[in-house]
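What follows is one structure encoded as structure tokens, with my remarks underneath.
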Amino acid sequence: MSDTRQKFVVVTGASTGEGISYLPFTIMKEEKLLEKHAASLGVGVATQWQRFPTPAPMREALVSGKIAFAAGGVTQLLTTWDMTRTNVKVRGVGTLNAMPLYLVTSNPKVKTIADFTSKDRIALPAVRTSIQAVMLAMAAERAFGNGQADKLNPLTVSLSHPDALAALLGGKSDVDAHVSSAPFVYKELATPGIHKVLDSYEVLGGPHTYNAVWTSTEFRDANPKIVEAFVDALREALDQIKADPAAAATLWLKAENIKDMSVAQVEEIIRTPENEWTMTPKNFMAFAKFMNQIGLISAKPTDLHELFFDNINSLHGN
């Protein structure tokens, strides 16, 4: 008997490793929440979850229709929105969280970003366009003045979070700083000799979205029930995280096969107030304005209605 279910690829983001920011997706995948909510709307789906090492192939796969949803940092959504405004018109369907990014270092002489010298190296996932790189550029412009957003660019190197963690803690490379996120940043700060230089909530003036998920207007118009089911599944996953952090931690550790953290440690990260599990976009427009200002995106959205479909606009993100 043939499988009549529609098949969709859902992407966990343009990254690999044990980042906890994709916890909502882990729950959706392991508990088959998209399948559940699609079935309630009378649609059968068979999902595949895929990870990409970099944003470009993920974006190409979405534009070509090979995948249905993509996810990543705020800046990835803004870049993809800008590049697809005249064709498939990508827009957000929700956010996964609001989480801070910390710039940490092993260099005891560095108290502020003005203390970095040509001898320092700052690791981040992707130079210039990643949310980590854009946040660092924002901080540089604030510290060094207008037109100085790229001041620290010569010091940055592209490394995955796990590789950057190993380089920073190993002490055998020239990497002595890292723009880090959970759980890596907590491991780093628990290590003697590592200290925080700044965090993105300071730079942005408050909490901001870390990861979002998006699709094309073309896909959404052709599959409104799938998009509705996806949003409902994401909302249920977020509700589960907030209702039972211990269960979410247990599921994540098992699904990601992580051996060097305990349930209690992960639960503490989930419960930490600065890590919000929310679908509401936060501080998107600050990123959009700055990215347009420094030429990373050619257009500047006027408000969230240009960036997100109506299902998320009803949540009144700032």
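What follows draws every value from the coordinates through simple rules; no lab data is involved. Since this is a predicted model, take the numbers as computed values, not measurements. With ideal geometry, Cβ positions are generated from the backbone for all residues, glycine too; neighbour counts draw on all protein chains shown.
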* Looking at the chain, send over the antiparallel percent of its DSSP beta bridges, to the nearest 5. => 60
* Project the alpha carbons of segment 102-204 onto their principal axes and report the range along each, largest first, in whole Å. => 36, 25, 23
* **Angle between the chain longest axis and helix 245-256 axis [Cα atoms, degrees, rounded to 10]** => 90
* Bin all alpha-carbon pair distances of segment 190-318 at 10 Å intervals from 0 and give each bin's fraction as a whole percent. => 10, 30, 33, 23, 4, 0
* Starting from the Cα-Cα distance between Asp115 and Val9, subtract it from 0.36 nm times their residue separation and give me the gain in nm to one decimal. => 33.7 nm
* Structure fact -> Measuring from the longest principal axis of the C-alpha atoms of the chain, the long axis of helix 131-144 (C-alpha) lies at a number of degrees, nearest 10, equal to 40
* Structure fact -> Within the under-11-Å Cβ sphere about Leu77, not counting Leu77, Lys/Arg +1 and Asp/Glu -1 give a net charge of +1
* Structure fact -> Dividing the helical contributions, -39500 (n - 2.57) per DSSP H run of n ≥ 4, by the residues of the chain yields a 222 nm value, nearest 500 deg cm²/dmol, of -12000 deg cm²/dmol
* Radius of gyration and maximum dimension Dmax of segment 162-246, Cα, Å -> 18.8, 54
* Structure fact -> In whole percents, the bins of 5 Å from zero upward hold the Cα-Cα pairs of segment 19-58 as 6, 19, 22, 22, 16, 11, 4
* Quick one: what are the phi-derived ³J(HN,Hα) couplings along segment 96-102, Karplus 6.51/-1.76/1.60 with θ = phi - 60°, whole Hz, x for glycine and proline? => 9, 5, 10, 9, x, 10, 10
* Quick one, which of [x] 65, 45, 32; [y] 59, 48, 40; [z] 51, 45, 37 is the actual Cα extents along the principal axes in Å calculated for this model? -> [x]
